[in-house]
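For reference, the structure is listed below as structure tokens.
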Amino acid sequence: MRPRISILLPTFNNAATVRETLESVKWADEILVVDSFSTDTTLNICSEYGARIIQHEYINSAKQKNWALTQCKNEWVLQIDTDEVLEPGLREEIERNLAAIPAEVDAFRLPRKNHMLGRWIRHGGIYPDYQTRLFRRNAGRWIEREVHAHVEVSGQVRTLQHHLMHFGMPTISKQLHNLDRYTRYEADELRKRGMPFRWTGLTLRPWAIFLQRYLWQKGFLEGWRGLIFCGYLAIYVFLTQAKLWELHELGLEQSPE
């Protein structure tokens, strides 16, 4: 008998993708949806799967998940996003490992396959993209970071073999829609950590990131997708640094909306 598992699923207007996510985790003992006041049919779909739904004002990803973590009922928590699904075989691997879990192990990290524009991207430094997503509720917590926060745990972390499937870039337009928000969070985080603006960050670092990902980490092997992905990363760094300059130059506490 394995310990009981809670699924932690943050949502906001994800009706287009959430059903596939729920299908992959419906076997769990609890599905806890923490919703940022969706206005589409997201919550109706979640209700079909027997999810327990709570709503909470969104500040940033880490704060939202840490708040929801305390609401989970079970000892183990598997956090998943609405653009992710479990690879076939991952459920069985999770249950097999938890059925014989040593006391000193507090978490598992999962390799993640990132799909971009309809295909899994393996090169360019994006694989295996390990994510610590399965952990004891009382032993893990997301670090307080404005964007791209990860889970820290107090005990031992083991690695699973089956993948988390991530469909984060179905179209270029969707990614560009998120770009302004993510780079604003990133600049705010750098400013909060006392990072000064340097001209090299704006002029040289984007090129360095592109060359590292595209040439050294072989993003070119992914064809046009690799070029688009590595170019996007360079633009991400450029805009983050530009917004960091803006924060310092204009004396703002955080980037404007």
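Residue-level check: of (1) over 19 Å from the mean Cα position of the chain (by Cα); (2) modelled with pLDDT of 95 or more; (3) not assigned by TED's automatic domain parsing to the domain that holds ARG91, GLY194 misses just (2). Which ones in the stretch 186-219 are assigned to a helix (DSSP H, G or I), surrounded by fewer than 19 Cβ atoms within 10 Å (Cβ to Cβ), touching a residue at least 12 places away in the same chain (Cβ under 8 Å) and not hydrophobic (A, V, I, L, M, F, W, C)? Within the stretch 186-219, LYS192, ARG205, GLN212 qualify. Just wondering, is there one or more residues in the stretch 154-163 that are modelled with pLDDT of 95 or more, of a type in the set (A, V, I, L, M, F, W, C) and touching a strand residue (DSSP E or B) at 6+ places or on another chain (Cβ under 7 Å)? Yes; the residues of the stretch 154-163 include at least one that is modelled with pLDDT of 95 or more, of a type in the set (A, V, I, L, M, F, W, C) and touching a strand residue (DSSP E or B) at 6+ places or on another chain (Cβ under 7 Å).
Entry remark, the stretch 8-36: residues being in contact (Cβ under 8 Å) with a residue 40 or more places away in the chain, under 13 Å from SER47 (Cα atoms) and either out of contact with any strand residue (DSSP E or B) (no Cβ under 8 Å at 6 or more places or on another chain) or surrounded by fewer than 21 Cβ atoms within 10 Å (Cβ to Cβ) (or both) number 2 in total.
This table checks each residue for (1) outside any strand (DSSP E or B); (2) touching a helix residue (DSSP H, G or I) at 6+ places or on another chain (Cβ under 8 Å); (3) touching a residue at least 60 places away in the same chain (Cβ under 8 Å).
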site: GLU57; (1), (2), (3): yes, no, no
site: CYS72; (1), (2), (3): yes, no, yes
site: GLU95; (1), (2), (3): yes, no, yes
site: ALA103; (1), (2), (3): yes, no, no
site: PHE108; (1), (2), (3): no, yes, no
site: TYR127; (1), (2), (3): yes, no, no
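The numbered conditions (1) without any contact (Cβ under 8 Å) to a residue 60 or more places away in the chain; (2) more than 22 Å from ASN178 (Cβ to Cβ); (3) in contact with a helix residue (DSSP H, G or I) (Cβ under 9 Å, 6 or more places away or on another chain) are all true for LEU78 except (1).
Filtering LEU32, LEU43, LEU22 for residues that are modelled with pLDDT of 95 or more, in the same structural domain as TRP142 (by TED's automatic domain parsing) and part of a strand (DSSP E or B) leaves a single hit, LEU32.
The values are calculated or read from the model by the stated rules, or taken from the named source; none is laboratory data. This structure is a prediction, so every number in the text was calculated from the model and none was measured. With ideal geometry, Cβ positions are generated from the backbone for all residues, glycine too; neighbour counts draw on all protein chains shown.
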